[in-house]
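Q: Dumping the structure here so I can ask a few things about it.
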Amino acid sequence: MAHGGGHHTALLLGNRLRELRTKQDMTQADLAESTGLSDNFIALMERGKTSPSLQTLENLANALNVQIADLFAFNSKTPTKINKSERAIQHLLRKHTPSQIKTLLQIQKLIEKLK
């Protein structure tokens, strides 16, 4: 790929990241926290000034609740929509151990019984 083509792809990817992030009411700081990246790195990617590694693409896709391929759907007019509660649950799932998640599910079942 020519150098100019790579820069163009970085710009398209940056625009797509911004589109997916803002459609989910996430700030750059929210996305940075969810991925373990810095706010500055998110900003650089969104401006097409740097390109993410494959691992970073995977982390971004997970944080945005999309497939990696969706990050490259540059002409997509129907980005994934996820509400804040679902995003909070996904964040909890990523940061807790399987044992902790099992305990959270048991608590949820007890709450359901109380209703």
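The values are calculated or read from the model by the stated rules, or taken from the named source; none is laboratory data. Computed from a prediction, not measured in an experiment: that's the story for all the values here. In this analysis, Cβ positions are derived from the backbone assuming ideal geometry, glycine residues included, and neighbour counts consider all displayed protein chains.
Q: Filter segment 57-115 down to residues that are of a type in the set (Ser, Thr, Tyr) and surrounded by 10 or more Cβ atoms within 10 Å (Cβ to Cβ) and give me whichever is modelled with the lowest pLDDT.
A: This residue is Thr80.
Q: Picking from Lys102, Lys49, Lys109, which residue would you name as being free of Cβ contacts under 8 Å to residues at least 40 places away in the same chain and outside any helix (DSSP H, G or I)?
A: Lys49
Q: Then there's this: Would you mention how many residues in segment 17-52 are surrounded by 18 or more Cβ atoms within 10 Å (Cβ to Cβ), touching a helix residue (DSSP H, G or I) at 6+ places or on another chain (Cβ under 6 Å) and of a type in the set (S, T, N, Q)?
A: Residues meeting the conditions: 3.
Q: In segment 11-41, how many residues are modelled with pLDDT under 90 and either closer than 21 Å to Gln55 by Cβ or outside any helix (DSSP H, G or I) (or both)?
A: Residues meeting the conditions: 2.
Q: Continuing with this model, one more query. Can you tell which of Thr22, Thr35, Thr27 is of a type in the set (Ser, Thr, Tyr) and under 15 Å from Arg94 (Cα atoms)?
A: Exactly one residue qualifies, and that residue is Thr35.
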